[in-house]
Amino acid sequence: MMTIFGYKKNYQMYDPKKKYTDKHIRKHSKNNGSNDKYRKSIEDLLDELELKNGMTISFHHHLRNGDYILNRLMKEIAKRNIKDIRIFASSIFPCHEPLVEYIESGVVTQIIAAFISGPVAKTISQGKMEKVAIMHTHGGRARLVESGEVDIDVAFIAAPTCDKMGNITGSCGKSACGSLGYAVTDAHFAKCSVAITDHYVEHLGSVFIEGKYIDYIVEMESIGDSKGIVSGTTQITKNPIGLKIARLTSDVIYHSGYFKNGFSFQTGAGGTSLAVSYYVKQLMMKEKIKGSFASGGITGYLVDMLKDGLFEQLYDVQCFDLEAISSLRDNKNHIPISASKYANINDKCIINDLDFVILGATEIDLDFNVNVTTSSIGEIMGGSGGHSDTAYGANVTIIVSQLFNARIPVIKDKVLCKTTPGETVDVLVTERGIAVNPKRNDLIERFKKTNLPLKTINELKQISDSLVGIPDKIQFDEKIVGVVEYRDGSVIDFIHKKL
Amino acid sequence: MKLLKPSKAGTYESNDIYIMLFPNDDEIRIELESIVLETYGKQIKKVMMDTLNDHNIENVLVKAIDKGALDYTIRARVITAINRGVSND
């Protein structure tokens with residue numbers, strides 16, 4: 001086994017035959033926070049905290065590309081000459097560009113996250129970070145914290161509204177972002193939890209993170225840019241190819257054998273995913289089928305389906321738009337859940353009850369392994385998020401993608417980086433046909449009786465190759481810059497520096 | 001055939017290629033920018049070179065900005081640019 005700088009020595013490689021057995025779960029390690037939690041400013045707070053070289057600090061990404069907190073905190077920490085910081089953030093976005101400088105100067109030596117995009121991802125791919133990046137899943141993040149594998153020294157929690165006790169909600173305030181699903185575990189287990197808010201109130205009625213887990217409260221003029229936090233209204237795609245793929249996907253759902261009363265469903269916020277929701281909604285109304293729940297990141301489309309009685313509940317780790325935020329606040333059947341409840345392998349998680357999940361891919365290979373971590377030229381540009389969690393949990397995992405776009409083909413002989421293992425992926429839907437994983441003979445038999453355009457994944461690849469040609473091989477350096485951890489903590493792949 | 005004047009064809013849209021041809025002393029030179037340079041750069045240059053050869057064009061500088069065009073699109077854009085550049089209309 002190779003030794004990788006900044007990664008544990010006793011790591012296990014992913015093995016589809018092995019079931020994860022380590023059910024190591026810590027009790028909440030938390031003190032009860034003092035009564036006098038309010039600090040005047042971030043400077044005051046940092047003066048009081050015993051910041052040390054080598055410490056682990058955590059952030060969560062519900063403010064998405066509008067987040068001000070991470071940059072503000074890192075600027076203060078860098079000023080105090082603290083080095084070797086490990087950042088444990090649920091996701092890193094383009095707005096976190098200032099981190100690049102801190103990575104290059106050694107203030108930050110490691111990032112652990114479920115998703116990394118933008119300039120920080122590029123810097124890591126270039127091999128400029130001292131230690132290896134660890135890329136986990138959303139469920140894996142909760143597992144890492146609960147098992148004690150990652151010990152958070154200070155958790156910085158973006159609190160759109162916070163009261164004097166430290167009770168937090170994301171439902172109101174000028175930086176409202178809805179669910180705070182990824183922050184819950186941090187608050188429960190960090191040695192010290194800090195709520196950072198731009199809406200400080202006397203008393204909060206509806207609470208998502210309880211004040212007993214919060215040690216300090218600091219006010220900031222603004223914790224985020226509302227334009228980056230949510231999109232106004234998410235739109236379904238107008239691209240005819242995307243619409244065709246979405247319609248085929250709803251046909252796959254219809255004929256799968258799982259489309260019946262009480263079914264459950266998850267999809268993302270991309271244009272094609274939203275179009276799938278649209279067609280599934282039409283199908284449910286036409287066939288008079290009612291679902292049990294939809295989960296994941298929630299959009300206005302799913303909110304409408306809840307209002308129309310098509311689903312009984314929405315389980316929400318993250319709101320994608322304003323409709324989702326107001327629904328979470330006003331509708332008792334729109335339920336915020338923690339990342340652990342959502343997808344942690346050691347928890348009784350929601351995703352195990354999923355019938356359908358609709359996911360994307362930058363690459364899929366002949367064994368149905370999916371890459372959403374690196375681009376088609378091998379640079380980090382994303383990460384699993386909940387991809388491999390939901391693929392594992394759902395009865396039917398459907399990957400939707402154009403066969404190629406701007407000459408970039410989706411089907412490869414081997415993916416450059418394995419995010420989600422092929423044995424958890426069931427169907428690939430493209431505009432030129434549908435491929436079913438051979439291990440799902442039940443689905444193949446059902447689909448054969450329909451007029452679905454069934455092909456093997458090899459046949460789809462041949463069509464693609466004949467149009468775009470075979471891409472030249474991408475060259476990598478030996479140096480490992482990232483470790484991709486599967487949801488059970490095993491290593492499913494390594495990311496190499498680009499040559 | 002001889003290129004008589006600068007000519008262009010194509011767009012900057014995704015899946016298209018923008019081709020500019022300039023009269024050059026005696027050799028063919030290709031300057032390519034592409035979103036898929038690493039994986040298809042050689043192939044794109046080959047298609048352009050073959051198309052120019054098919055039309056016996058020798059005195060040309062090609063500047064191309066590619067947004068992921070397929071081979072037939074590249075060929076069509078190059079041919080159109082040639083036709084526009086060889087007549088004095």
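The values are calculated or read from the model by the stated rules, or taken from the named source; none is laboratory data. All values derive from a computational prediction rather than experimental measurement. Positions of Cβ are generated from backbone atoms using ideal geometry, with glycine treated the same way; all protein chains shown enter the neighbour counts. Side chains included, ligands, DNA and RNA excluded: accessible areas come from the protein's heavy atoms. Shrake-Rupley method; radii C 1.70, N 1.55, O 1.52, S 1.80 Å.
Starting from residues that are over 20 Å from B:GLU13 (Cβ atoms) and of a type in the set (D, E, K, R), keep the ones in the range B:53-68 and report whichever is nearest to the other protein chains (Cβ to nearest Cβ).
B:ASP54
Those residues that are among the aliphatic types (A, V, I, L, M) and touching a residue at least 40 places away in the same chain (Cβ under 8 Å), I need them from the range A:378-407; list them, please.
A:ILE380, A:MET381, A:ALA394, A:VAL396, A:ILE398, A:ILE399, A:VAL400, A:LEU403
Hey, can you tell me all the residues within the range A:263-289 that are touching a Gly at 6+ places or on another chain (Cβ under 7 Å) and either open to solvent by 20 Å² or more (accessible area, probe 1.4 Å) or among the basic types (Lys, Arg) (or both)?
A:GLY268, A:ALA269, A:GLY270, A:GLY271, A:THR272, listed by residue number.
Could you tell me which residue of the range A:463-483 is farthest from the other protein chains (Cβ to nearest Cβ), considering only residues that are under 23 Å from A:ILE408 (Cα atoms) and of a type in the set (A, V, I, L, M)?
Among residues in the range A:463-483 that are under 23 Å from A:ILE408 (Cα atoms) and of a type in the set (A, V, I, L, M), the one farthest from the other protein chains (Cβ to nearest Cβ) is A:ILE463.
Quick one: B:SER14 ticks every box in (1) in contact with a helix residue (DSSP H, G or I) (Cβ under 9 Å, 6 or more places away or on another chain); (2) within 14 Å of chain A (Cβ to nearest Cβ); (3) more than 13 Å from B:ALA81 (Cα to Cα) except a single one, so which number is it?
Here B:SER14 clears every test but (1).
B:LYS45 passes all but one of (1) within 14 Å of another protein chain (Cβ to nearest Cβ); (2) touching a residue at least 24 places away in the same chain (Cβ under 8 Å); which number fails?
(2)
Pick from B:ASP71, B:ASP50: which is within 14 Å of chain A (Cβ to nearest Cβ), surrounded by fewer than 17 Cβ atoms within 10 Å (Cβ to Cβ), of a type outside the set (S, T, N, Q) and under 12 Å from the mean Cα position of the chain (by Cα)?
Criteria check complete, one pass: B:ASP50.
If I ask for residues that are at pLDDT 65 or above and either within 24 Å of A:THR185 (Cβ to Cβ) or open to solvent by less than 100 Å² (accessible area, probe 1.4 Å) (or both), which ones from the range A:3-23 would you list?
Once the filter is applied, which keeps residues that are at pLDDT 65 or above and either within 24 Å of A:THR185 (Cβ to Cβ) or open to solvent by less than 100 Å² (accessible area, probe 1.4 Å) (or both), the range A:3-23 yields A:ILE4, A:GLY6, A:TYR7, A:LYS8, A:ASN10, A:TYR11, A:GLN12, A:MET13, A:TYR14, A:ASP15, A:PRO16, A:LYS19.
Give the residue that is nearest to the chain's Cα centre (by Cα), with candidates limited to residues of the range A:232-253 that are at pLDDT below 90 and open to solvent by less than 50 Å² (accessible area, probe 1.4 Å).
Filtering first and then ranking leaves A:THR234.
Read through the list (1) in contact (Cβ under 8 Å) with a residue 60 or more places away in the chain; (2) away from every other protein chain (no Cβ under 14 Å); (3) not in a strand (DSSP E or B), then give the number of the only condition that A:LEU460 fails.
(1)
With respect to B:ASP66, determine if the residue is crowded, with 16+ Cβ neighbours inside 10 Å, touching a strand residue (DSSP E or B) at 6+ places or on another chain (Cβ under 6 Å) and under 27 Å from A:LYS473 (Cβ atoms).
Answer is yes for this residue.
Which fully enclosed strands (runs of 3 or more DSSP E) of the range A:321-436 have 2 or more residues being more than 14 Å from chain B (Cβ to nearest Cβ) and crowded, with 22+ Cβ neighbours inside 10 Å?
In the range A:321-436, A:334-336, A:356-359, A:396-400, A:427-430, A:433-436 are the strands (runs of 3 or more DSSP E) which contain 2 or more residues that are more than 14 Å from chain B (Cβ to nearest Cβ) and crowded, with 22+ Cβ neighbours inside 10 Å.
Among the residues of the range A:437-453, is any surrounded by 19 or more Cβ atoms within 10 Å (Cβ to Cβ), in a loop (DSSP other than H, G, I, E, B) and within 14 Å of another protein chain (Cβ to nearest Cβ)?
Scanning the range A:437-453, I find no residue that is surrounded by 19 or more Cβ atoms within 10 Å (Cβ to Cβ), in a loop (DSSP other than H, G, I, E, B) and within 14 Å of another protein chain (Cβ to nearest Cβ), so the answer is no.
Return the total of residues in the range B:77-89 being under 11 Å from the mean Cα position of the chain (by Cα) and either within 14 Å of another protein chain (Cβ to nearest Cβ) or buried (at least 18 other Cβ atoms within 10 Å of the Cβ) (or both).
4
Identify all residues within the range B:27-36 that are at the interface with chain A (Cβ under 9 Å from one of its Cβ atoms) and open to solvent by 30 Å² or more (accessible area, probe 1.4 Å); write none if there are none.
B:ILE35, the sole residue that qualifies.
Take the residues in the range A:136-162 that are under 23 Å from A:ARG329 (Cα atoms) and more than 20 Å from the chain's Cα centre (by Cα), then tell me which one is surrounded by the fewest Cβ atoms within 10 Å (Cβ to Cβ).
A:THR161
One line per residue, one yes/no per condition, for (1) surrounded by fewer than 24 Cβ atoms within 10 Å (Cβ to Cβ); (2) of a type in the set (Val, Ile, Thr); (3) in contact (Cβ under 8 Å) with a residue 60 or more places away in the chain:
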site	(1), (2), (3)
A:THR185	no, yes, yes
A:ASP198	yes, no, no
A:VAL201	yes, yes, no
A:ILE209	no, yes, no
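Among the residues of the range A:294-319, write down those that are in a loop (DSSP other than H, G, I, E, B) and open to solvent by less than 50 Å² (accessible area, probe 1.4 Å).
Matches in the range A:294-319: A:THR299, A:GLY309, A:LEU310.
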